[in-house]
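The values are calculated or read from the model by the stated rules, or taken from the named source; none is laboratory data. Worth saying up front: this structure is predicted, and the values here are computed from it rather than measured. When we count neighbours, we look across all protein chains shown, and the Cβ atoms used for this are built from the backbone with ideal geometry, even at glycine.
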Amino acid sequence: MARKTQRAVAAGEKNRASEDIPSDGAEEPQKLMVNGQEWVLEGVDPDMPLLWAIRDMAGLTGTKFGCGQAFCGVCTVHVDGTPVRSCSFPVSAAAGRKVTTIEGVSGLVARAVQGAWTRNSVPQCGYCQSGQIMSAIALLSENVRPSPEEIETAMSGNLCRCGTYPRIKAAIAEASSVLANGVRHG
């Protein structure tokens, strides 16, 4: 019986290993655009969580595994700019869409959030921070002046075992002010 390959191949690379393996009815390759780079995932189940494609196949380990049930927000990434829980988001649903992980965030909003995170000493253990930052960037990309209630609502799906919620909220409020008023820090 032929084995299925489960490897990611950056676009443009030739995957000779898969050429040597006869087809056993495996699923069509899944093509993902992650942080601006196209990846072709061969031999993967289309229902496989996007998280595992990002971490194990593309080698981007900034996105963490938490609960595996989309409750904690640790695995948050952006798909076409919208925050999703990658532990429960099928890789097939991401095919042909723009996936952004913590390693790929950039731009004014990302810089404002990351700077505020640092100035407010938000991380404690740091495990949840990539998901927290991804949710904060999504919020401020849609609404540069969120109310405290809107911040609370947007971040409610992100858990922090260390309880840094006051610092998270303060950092988002500061990033909002930076973006709304054009304030520059350090």
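Of the residues examined, Gly96 is one that is under 28 Å from Gln30 (Cβ atoms), in contact (Cβ under 8 Å) with a residue 40 or more places away in the chain, among the small types (Gly, Ala, Ser) and exposed (fewer than 13 other Cβ atoms within 10 Å of the Cβ). Among the residues of the stretch 11-34, those that are modelled with pLDDT of 50 or more, farther than 23 Å from Gly68 by Cβ and in contact with an Asp or Glu (Cβ under 7 Å, 6 or more places away or on another chain) comprise Pro29, Lys31.
Restricting attention to the stretch 99-128, which residues are hydrophobic (A, V, I, L, M, F, W, C), surrounded by fewer than 21 Cβ atoms within 10 Å (Cβ to Cβ) and over 19 Å from Val79 (Cα atoms)? Selection gives Cys125 alone.
What number of residues in the stretch 84-115 are of a type in the set (D, E, K, R) and in a loop (DSSP other than H, G, I, E, B)? Outline the logic, then answer.
Applying the first criterion (of a type in the set (D, E, K, R)) to the stretch 84-115 yields 85, 97-98, 103, 111.
Okay, now just the ones that are also in a loop (DSSP other than H, G, I, E, B), so 97.
Looking only at that region, the number is 1.
Within the stretch 123-155, being in contact with a Gly (Cβ under 9 Å, 6 or more places away or on another chain), under 21 Å from Thr100 (Cβ atoms) and not in a helix (DSSP H, G or I) holds for Tyr127, Cys128.
This table checks each residue for (1) hydroxyl-bearing (Ser, Thr, Tyr); (2) in contact with a helix residue (DSSP H, G or I) (Cβ under 8 Å, 6 or more places away or on another chain).
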| residue | (1), (2) |
| --- | --- |
| Trp39 | no, yes |
| Thr63 | yes, yes |
| Ala70 | no, no |
| Ala95 | no, no |
| Trp117 | no, yes |
| Gln132 | no, yes |
| Ala136 | no, yes |
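Restricting attention to the stretch 45-83, the residues that are more than 13 Å from the chain's Cα centre (by Cα), part of a loop (DSSP other than H, G, I, E, B) and among the acidic types (Asp, Glu) add up to 2. Close contacts from the stretch 29-42, counting a first residue that is in contact (Cβ under 8 Å) with a residue 60 or more places away in the chain and a second that is polar (S, T, N, Q) and not in a strand (DSSP E or B), with Cβ to Cβ under 9 Å and a gap of 6+ residues or different chains, come to Gln30/Ser92; Val34/Thr101; Asn35/Thr101. For the stretch 112-135, the set of residues classified as over 16 Å from the mean Cα position of the chain (by Cα) and not hydrophobic (A, V, I, L, M, F, W, C) consists of Gly115, Thr118, Arg119, Asn120, Ser121, Pro123, Gln124, listed by residue number.
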